[in-house]
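Take a look at the structure below.
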Amino acid sequence: GKHQELQPSGGQRGVLRLIRHLNESSDPIQGLANGADSNGLNHALKRLHRVARPGSLIFLISDFYHIDDETDRHLMRLRQHNDLVALQISDPLELTPPPSGSYGITDGSNSGWLDSGGRDSQQWLPHYHQRINELIQKRAIPLLHLSTTDSVSSKLRTFLNSSEQGRGRR
């Protein structure tokens, strides 16, 4: 739900530290407690532009909620001097909404009801994903869709191998 930064370090210790940090950061209970920062992606991209060395290979891992014109400008600036790969994380429930009905929902402290029967609730997801695809394509950034149920390592390996073949293995 918010920008987190981990200073790079090499070797096995650095990899283990990264894995531990990713594991701690992905705790859903902690995420619900912290809440979401609607400007988090833009803040992270702005910071990334300041710290990334030109020529870096950058993997953007996000659900890409809250993209806007500012996000587009940050991606354009990053893309000018770096290679970017976008990994969009989604849950199967996001891609296939539940049948029409009324569902109890909670964010961990507040609760309410979601009516999935309305036309708008069934149509905003395709529009949202189309907007992300258009923005990423506009900036010529490769996009990999990852589901929370996917094997990340195998999808990433397949994606990188196909990207490498498409570039002619420099």
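Overview of values
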item	result
Charge dipole magnitude, Cβ of K and R +1, D and E -1 - the stretch 48-104, Cα centre, debye nearest 20	380 debye
Additional length obtainable on full extension of the chain from residue 43 to residue 76, 0.36 nm per residue less Cα span	10.4 nm
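Rule-based calculations on the coordinates, nothing more; no lab input. Since we're looking at a predicted model, the values are computed, not measured. All Cβ positions, glycine included, derive from the backbone under ideal geometry; neighbour counts span all protein chains shown.
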